[in-house]
Amino acid sequence: MAHEPACSGTGSDSRMRSEAMTSSPDVSIVIVNWNTRDALKDCLDSVFANLRGVEAEVFVVDNNSNDGSCEMVDEFFPQVVLIRNQQNRGFAAANNQAIQIAKGQYVLLLNSDTIVKGDVIARSQDYLARHPDVGVMGCRVLNRDGSVQLTCSRFPTIVNLVLLASGLFRRTWPRVLGRYQIREWARDSERDVDTVTGCYMFVRKSAIEQVGLLDEAFFFYGEETDWCKRFWQNGWRLRFAPVGEIIHFGSLSSRKCNHKRDLMLTSGLIRFHRKHGGLLAALVAWVILAGFAVSRAAYWSLYALGTGRHEARQRRDHFLQVLLHYPSTWPHARGQGVLS
């Protein structure tokens, strides 16, 4: 669930170093960055150490970082195509900048807070080459401690939103309650999925040419779910395959946005329902997610009152801020209302 927002941003400066790029890459790797300098360096180190014979071009699209990310790329990775945006354009728009000039047969969207392990890129390329009906695929994603992240899920239907908002989605029995995240599945086998998580999203370029780019109305969150829906609507299979692993540290940029992260996530889900289900579906989703925010604010308020714990007060204040700004989650023209 990534992709890097700003808590603040048209213009961009694309610096091409054609002499360092292969003229006919197999894979175009696109990394969007916002103020994750150290994590980005580790990610790029892991990419170049683990290409394993894959001819690749690597793009870093920087969304106006102020932490020296661009200078780091200049110094340590002259072979990277660096696109410097003069404002934060969001995840979808930033990825599109690179996708439009990518030359690879395949495009890998990779989060800046990931570590590529072993030959996962080579094996992903091989998997898509052997499965021409698959448009998008994902691999196993690990947490820092080596446990498996529940990446790839079903679409966030109204039923699944109810399960999410109620907390019932965490139940492993009966199995239907865990259907949204497919919790009974250990991510150790191949299967078709509705959505492939954007932290490692391996996409066939010819499928992109048919389906189109990411929808830039989604500023942050929801854009890859919408994209997956469109691939599915155009007859492409979306597939999880345990061909290898990456480590995903998780939302290093979005954490800087505190309560705005929840607001952006909510706005993305509502926009998804407005686009694919219509006004009524969006209204129902808005109410369901509002109920979740109200219940969380009430719970943490009572808990803070009863215990006085600092953490409880922080959580209370977090959800009170979400409620205060909740009207901004209704989709705006370009989805940036929650950031204003």
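Remarks
- Any chance PHE219 is within 19 Å of the chain's Cα centre (by Cα), of a type in the set (Phe, Trp, Tyr) and in a loop (DSSP other than H, G, I, E, B): yes
Every residue, every condition in (1) among the aliphatic types (A, V, I, L, M); (2) buried (at least 18 other Cβ atoms within 10 Å of the Cβ); (3) not assigned by TED's automatic domain parsing to the domain that holds PRO331, yes or no:
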| residue | (1), (2), (3) |
| --- | --- |
| LEU164 | yes, yes, yes |
| ASP192 | no, no, yes |
| ILE208 | yes, yes, yes |
| CYS228 | no, yes, yes |
| GLY244 | no, yes, yes |
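- Selection status of VAL107, in contact with an Asp or Glu (Cβ under 9 Å, 6 or more places away or on another chain) and either surrounded by 14 or more Cβ atoms within 10 Å (Cβ to Cβ) or within 23 Å of VAL203 (Cβ to Cβ) (or both): no
- Residue check, GLU311 assigned by TED's automatic domain parsing to the domain that holds ASP45 and acidic (Asp, Glu): no
- Residues of segment 298-313 satisfying the condition of being assigned to a helix (DSSP H, G or I) and exposed (fewer than 11 other Cβ atoms within 10 Å of the Cβ): GLY306, HIS310
- Single residue of segment 230-242 satisfying the filter (assigned to a strand (DSSP E or B) and of a type in the set (D, E, K, R)) that is surrounded by the fewest Cβ atoms within 10 Å (Cβ to Cβ): ARG237
- Residues of segment 255-297 that turn out to be surrounded by fewer than 21 Cβ atoms within 10 Å (Cβ to Cβ), among the polar types (S, T, N, Q) and assigned to a helix (DSSP H, G or I), as a count: 1
- Restricting LEU263, LEU289, LEU252 to residues that are touching a helix residue (DSSP H, G or I) at 6+ places or on another chain (Cβ under 7 Å), under 21 Å from PRO156 (Cα atoms) and either modelled with pLDDT under 95 or of a type in the set (Ser, Thr, Tyr) (or both) narrows the list to LEU263.
- Residues (under 21 Å from the mean Cα position of the chain (by Cα) and aliphatic (A, V, I, L, M)) located in segment 18-77: VAL27, ILE29, VAL30, ILE31, VAL32, ALA39, LEU40, LEU44, VAL47, VAL58, VAL60, VAL61
The values are calculated or read from the model by the stated rules, or taken from the named source; none is laboratory data. All figures in this text were calculated on a predicted structure; none of them were measured in a lab. Neighbour counts run over all protein chains shown; Cβ positions are idealised from the backbone, glycine included.
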